[in-house]
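Take a look at the structure set out below.
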Protein chains: 2
Amino acid sequence: MTFTFSNDDRLPLYQRLRDELAANIAENRWRPGEAIPTEAELVSHYGVSIGTVRKAVDKLVAEGVLERFQGRGTFVRRASFDNAMFRFFRFQSETGEPLAPEGRVLNREVVEAPAQVAQGLNITAGSPVIHLTRVRLINQRPLLSESIWLPKEKFSALLDIPLSEFGNLLYPFYEERVGCAVASAQEYLTVEPVGAKDAELLQIAEGTAVITVERVAFGYDQQPLEWRRYCGLASHFRYHVEIR
Amino acid sequence: MTFTFSNDDRLPLYQRLRDELAANIAENRWRPGEAIPTEAELVSHYGVSIGTVRKAVDKLVAEGVLERFQGRGTFVRRASFDNAMFRFFRFQSETGEPLAPEGRVLNREVVEAPAQVAQGLNITAGSPVIHLTRVRLINQRPLLSESIWLPKEKFSALLDIPLSEFGNLLYPFYEERVGCAVASAQEYLTVEPVGAKDAELLQIAEGTAVITVERVAFGYDQQPLEWRRYCGLASHFRYHVEIR
DNA sequence: TAGTGGTCTAGACCACCTC
DNA sequence: AGGTGGTCTAGACCACTAT
């Protein structure tokens, strides 16, 4: 069976196929963790050659959207960076083992989106948003203070759930309860003197240097889903990057 | 003409071809900025199909080693990240324009490699290394303090050159004077209270929070060429990263 | 054993750049 | 006009996985 691509036919075929495949994921026809059709099936469904299918899939693999396993199939990658702060912060037990932090939502309220949040979420300032205040702890010690904003319309289901049922990982929780899967994120880091509120939550002196991270999380359709700001002691910060 | 690959024949053909091509660059037969042979020439020289050549070149492009230009050819990419601190530090004039820093080498000495330097350079501790002390300035204001270590053997030519001839960019200088081209680097970031020496160079109070970066720079053959540590005021730090 | 992705081939035609 | 990389095809055979 052949298939007519709806996209701009000036684009290369493998690009348009990539967009078609990505749309199947964005619109939840292929779900995170599941296998997509085999290469042979894609060939006959879309009426292109195996090389073109492979190139389109290659792109999505390079983008981190798909994952291939020889002999098993090609799967929609489940983004698992709720623990992404491990990129920046290193928490260790006294014996040196890495530790998984606990997440505790302290407060939930519906507010009008502040300008910066609205810009990050690509909505109009003042739109209703859900604001969560959350701390991440290890051995009961608060190490990160988080402020999270979500568009109210899309996430209103979260308003009916007791705060105690919000687990340690929010992104799988969004997926389960709201059907919004997070595919990627962007983060901006700066070093700031800590503000009064965060200082209290982190039990540190006001004005201590903290790393502040602002994050926008995107769905598979590239639309912003969540905006958050979190901070933690600069002395826990450690980061590694490759340059080319 | 066919060609026998010296590498492990358990590896895929395109992998071995990639290694062959990379070796041509590492051993300076193909120089940064120059075009490599055309795809057709590579096909006949190595006796593989065009698809295999393209896949090998694809890899090196993805690694940032080569750069393709339709209609012109494929070129060895000239790594140009001597200004890599712009990834982490934001320096602006009073009118908000970005500014290019000046580099000034203050001191040069031959010392025995400290343990950490030796480890980074993959040499035995105590081997002779050249140690440079350098500041980066904007409008005569010191903003970054750098300490640079180079293996003495490979870089001994630098010992005969007046410090004033070390330009603002060291990597092109290494390439020109020593024939060592830098291809990639790794950096490790932490936040530290500034030490006495750096505090003096940066004209800030001892103990102020600075971002400290440790960098190993590698040649095209993946061998470490340079180890450096630099630091700058944490308040100038700003970083952006994408997560998938 | 059947099915999956991984590797490799051997072309054809196109778009773009340089001269 | 001639040469470059970019796209696309239509297979073959292999290595690995599940059952």
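Would you tally the residues in the range B:195-218 being without any contact (Cβ under 8 Å) to a residue 24 or more places away in the chain, within 14 Å of chain A (Cβ to nearest Cβ) and surrounded by fewer than 18 Cβ atoms within 10 Å (Cβ to Cβ)?
Total meeting the criteria: 2.
For the range B:188-202, state whether one or more residues are under 30 Å from A:GLY232 (Cβ atoms), in contact with a strand residue (DSSP E or B) (Cβ under 7 Å, 6 or more places away or on another chain) and of a type in the set (Phe, Trp, Tyr).
yes
Does the range A:40-81 hold any residues that are open to solvent by less than 30 Å² (accessible area, probe 1.4 Å), part of a loop (DSSP other than H, G, I, E, B) and within 14 Å of chain B (Cβ to nearest Cβ), and which are they?
Answer for the range A:40-81, where residues must be open to solvent by less than 30 Å² (accessible area, probe 1.4 Å), part of a loop (DSSP other than H, G, I, E, B) and within 14 Å of chain B (Cβ to nearest Cβ): A:GLY64, A:VAL65, A:ALA79, A:PHE81.
Cβ-Cβ under 7 Å, sequence separation 6+ or interchain: first residue in the range A:175-194 and more than 7 Å from every other protein chain (Cβ to nearest Cβ), partner in a helix (DSSP H, G or I) and of a type in the set (Lys, Arg). Which pairs?
From the range A:175-194, the pairs are A:VAL178/A:LYS154; A:CYS180/A:LYS154.
Could you list, in sequence order, the residues of the range B:10-39 that are open to solvent by 70 Å² or more (accessible area, probe 1.4 Å) and under 22 Å from B:GLY71 (Cβ atoms)?
B:ARG31, B:GLU34, B:THR38
Considering only residues that are touching a Lys or Arg at 6+ places or on another chain (Cβ under 6 Å), under 19 Å from A:ARG134 (Cβ atoms) and of a type outside the set (Gly, Ala, Ser), which ones fall in the range A:166-199? If you could, list the steps in order and put the result at the bottom.
First pass over the range A:166-199, keeping only residues touching a Lys or Arg at 6+ places or on another chain (Cβ under 6 Å): A:184-185, A:187, A:190.
Right, trim to under 19 Å from A:ARG134 (Cβ atoms) and you get A:185, A:187.
Scanning the range A:166-199 gives a single hit, A:GLU187.
Kindly provide the set of residues from the range A:25-39 that are within 14 Å of DNA strand C (Cβ to nearest atom) and either basic (Lys, Arg) or assigned to a helix (DSSP H, G or I) (or both), ordered by number. Lay out the reasoning, then the answer.
Kept after step one, since they are within 14 Å of DNA strand C (Cβ to nearest atom), are these residues of the range A:25-39: A:30, A:34-39.
Within the range A:25-39, A:GLU39 is the sole residue that qualifies.
Among helices (runs of 4 or more DSSP H) lying entirely in the range A:146-228, which contain 2 or more residues that are of a type in the set (A, V, I, L, M)?
Once the helices (runs of 4 or more DSSP H) in the range A:146-228 are filtered for at least 2 residues that are of a type in the set (A, V, I, L, M), what remains is A:170-178, A:196-202.
Return the only residue of B:ILE130, B:ILE123 being assigned by TED's automatic domain parsing to the domain that holds B:ARG104, part of a loop (DSSP other than H, G, I, E, B) and in contact with a strand residue (DSSP E or B) (Cβ under 8 Å, 6 or more places away or on another chain).
Every option except B:ILE123 fails the conditions.
Can you tell me how many residues within the range A:165-194 are among the hydroxyl-bearing types (Ser, Thr, Tyr) and open to solvent by 30 Å² or more (accessible area, probe 1.4 Å)?
Here the count works out to 1.
Looking at the structure I just gave you, is A:ALA22 within 14 Å of another protein chain (Cβ to nearest Cβ) and away from DNA strand C (no atom under 15 Å from the Cβ)?
Considered against the rule, which asks whether it is within 14 Å of another protein chain (Cβ to nearest Cβ) and away from DNA strand C (no atom under 15 Å from the Cβ), A:ALA22 comes out as yes.
Per-residue answers, yes or no, for (1) aliphatic (A, V, I, L, M); (2) over 23 Å from the mean Cα position of the chain (by Cα):
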| site | (1), (2) |
| --- | --- |
| A:PHE173 | no, no |
| A:GLU200 | no, yes |
| A:ALA209 | yes, yes |
| A:THR212 | no, no |
| A:ARG228 | no, no |
| A:CYS231 | no, no |
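Which of the residues spanning the range A:219-244 are among the hydroxyl-bearing types (Ser, Thr, Tyr) and either away from chain B (no Cβ under 12 Å) or open to solvent by less than 10 Å² (accessible area, probe 1.4 Å) (or both)?
Answer for the range A:219-244, where residues must be among the hydroxyl-bearing types (Ser, Thr, Tyr) and either away from chain B (no Cβ under 12 Å) or open to solvent by less than 10 Å² (accessible area, probe 1.4 Å) (or both): just A:TYR230.
The values are calculated or read from the model by the stated rules, or taken from the named source; none is laboratory data. Predicted model, so just to flag it, every value in this text is computed and none were measured. Neighbour counts run over all protein chains shown; Cβ positions are idealised from the backbone, glycine included. Just the protein is used for accessible areas: all its heavy atoms, side chains included, with ligands, DNA and RNA removed. Shrake-Rupley method; radii C 1.70, N 1.55, O 1.52, S 1.80 Å.
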